[in-house]
Amino acid sequence: MSAQVKGPAGYFPSIEKKYGRPVAEWKELVRSSPLTRHMELVAWLKTEHGLGHGHANALVAHALAEKG
């Protein structure tokens with residue numbers, strides 16, 4: 001029995017399925033953006049790339065946590 005992924009990464013399979021891009025590509029977009037604040041990045045993903053709020057929030061949270 002596999003453990004269920006929790007937190008932002010729990011959204012990753014549905015993000016890849018719905019938007020057709022790998023999560024690594026989305027996180028690279030977030031990291032390469034000139035924006036730095038969490039909600040600015042969320043808004044950018046929503047307006048420029050058509051992501052839903054939960055998906056954008058999960059990607060930004062995960063990318064920023066990795067960035068340190």
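The values are calculated or read from the model by the stated rules, or taken from the named source; none is laboratory data. The shown structure was predicted, so the numbers you read here are calculated from the model rather than taken from an experiment. Cβ: placed from backbone, ideal geometry, glycine included. Neighbour counts: every protein chain shown. Just the protein is used for accessible areas: all its heavy atoms, side chains included, with ligands, DNA and RNA removed. Shrake-Rupley method; radii C 1.70, N 1.55, O 1.52, S 1.80 Å.
Which pairs have Cβ atoms under 7 Å, sit 6 or more apart or on different chains, and link a residue in the range 51-68 that is in contact (Cβ under 8 Å) with a residue 40 or more places away in the chain to one that is part of a helix (DSSP H, G or I) and among the charged types (D, E, K, R)?
Qualifying pairs under 7 Å: 59/27; 62/27.
Tally the residues that are part of a helix (DSSP H, G or I) and closer than 20 Å to residue 7 by Cα, restricting the search to the range 47-63.
Of the range 47-63, the ones part of a helix (DSSP H, G or I) are 47-49, 53-63.
From what is left, the residues that are closer than 20 Å to residue 7 by Cα are 53-63.
Total satisfying the criteria: 11.
Can you name the residue in the range 8-39 that is closer than 15 Å to residue 67 by Cα and part of a loop (DSSP other than H, G, I, E, B) and is also most open to solvent (accessible area, probe 1.4 Å) among such residues?
Here the answer is 37.
Which number in (1) under 11 Å from the mean Cα position of the chain (by Cα); (2) loosely packed, with under 15 Cβ neighbours inside 10 Å; (3) farther than 19 Å from residue 65 by Cβ marks the one condition that residue 48 misses?
(1)
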